[in-house]
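Single-structure report; data block below.
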Amino acid sequence: MRVPTFDLTLLRTLVAIADTGSVTAAAKRLAYTQSTVSMQLQRLEAQLAVSLHERDGRRLRFTAEGERLLAHARRLLALNDEAWSDMQARQITGDLTLGIPEDYASLLPSVFAYFHQLYPAVGLTVKCGTSAHLVEQVKASELDLALVTRQRNSPGGDVIRREPLVWAVGVHQQPSLSDPIPLALYSPGADVFREVAEQALQAAGRDWRVAYTSQSMAGLAPIVTAGLAVVVVTRSMLTPTLRPLDESSGLPALPMIELALHRAPHRPSEPARRLGELIREQLAAPSEAL
């Protein structure tokens, strides 16, 4: 008797939909068309003769059967990936250095864990610094890779994600938003956030004062949480102690910023190439599902 087997490609699509929250985002992550993702989901439903999803407005939700299959799919894919990696990755060795601003490190824990699982013989070193400094280091081949905020005066790099900037204040306390607006800003030259904030306020005819400066969000957060200043962050940088301000705040709208992956000018090593691919896969999904 022939035992039915699952198509792992279809299961990977199912997991991508669950992780990104929509068919549109899953299609971008997998480099498929939206119609292909939809058809693959329908194929799974046809094979199992059950409904795996339902629509809630523009969002997609899994049914109870869909959630059950999703749990099985994650285990099957994990075992498949582990087996494949074990057969392939043991041959990959070497050292690798990645540069990243401290504020973006929270985006990559799962990447680091998975990379170590796949390539245990590769020594990965992560160095933190400002985006501008990291770009110079990777150009000088002092770093293999650098994930940074794309610089206006030095665009370069491979853009892998775009995120909106927002004004943020403490979740329980905030300062007066009348002029001069108290700002918690990155130190001069630390990143483009300061430049963007000042240009937006100047264009809107608003006045401001620098209440606090730091090289990282870790240094800015306490004064913002205490309600003493406003800060500019990406949505992914918001923490439970911060809340974004909307248009009713009277503050000007802020532009999108781009996260770019820079590679050293020499031919990338195999570890560097594979880490770059993992970073792209992890961060390519939009920050807001459609």
Margin query: Run lengths n ≥ 4 of DSSP H only: what is the helix-derived mean residue ellipticity at 222 nm for the chain, with -39500 (n - 2.57) per run over all residues, to the nearest 500?
Written below: -12500 deg cm²/dmol
Next item on the list: Count neighbours as other Cβ atoms within 10 Å of each site's Cβ, and list the trypsin sites (Lys or Arg not before Pro) in region 23-89 that are DSSP loop with at most 10 such neighbours.
Entry: 58
Next item on the list: Choose one answer from 212, 32, 186: the residue with the largest mean-square fluctuation in a GNM of the chain with alpha-carbon springs under 10 Å.
Entry: 32
Notebook entry, point to check: Taking the inverse of the average 1/r across all pairs of different Cα atoms in region 167-216, what Kirkwood radius in Å do you get?
Noted result: 11.5 Å
Next item on the list: Considering only 257, 92, 279, give the residue with the highest GNM mean-square fluctuation for the chain, with springs between Cα atoms whenever their separation is below 10 Å.
Entry: 92
Next item on the list: Would you kindly find the accessible area of residue 118, with a 1.4 Å probe and non-protein molecules such as ligands, DNA and RNA excluded, rounding to the nearest 10 Å²?
Entry: 10 Å²
Item checked: For the chain: rounded, prolate or oblate by the Cα gyration tensor [a/c cutoff 1.5] -> oblate
Notebook entry, point to check: Quick one: ranking 133, 172 by accessible area, 1.4 Å probe, largest first, what do you get?
Noted result: 172, 133
Item checked: 142, 195, 45, reordered so the largest accessible area comes first (probe 1.4 Å) -> 142, 195, 45
Note to self: Binning at 5 angstrom from zero up to the longest distance, how are the C-alpha pair distances of region 89-232 distributed in percent?
What the structure shows: 2, 9, 16, 18, 17, 13, 10, 7, 4, 2, 1, 0, 0
Item checked: Carbon plus sulfur fraction of accessible area for the chain, probe 1.4 Å, in percent -> 51 percent
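The values are calculated or read from the model by the stated rules, or taken from the named source; none is laboratory data. Quick caveat: nothing in here was measured; it's all calculated off a predicted structure. Reconstructed Cβ throughout: ideal geometry from the backbone, glycine too, with neighbour counts over all protein chains shown. Heads up: the accessible areas ignore ligands, DNA and RNA and are worked out on the full protein's heavy atoms, side chains in. Shrake-Rupley method; radii C 1.70, N 1.55, O 1.52, S 1.80 Å.
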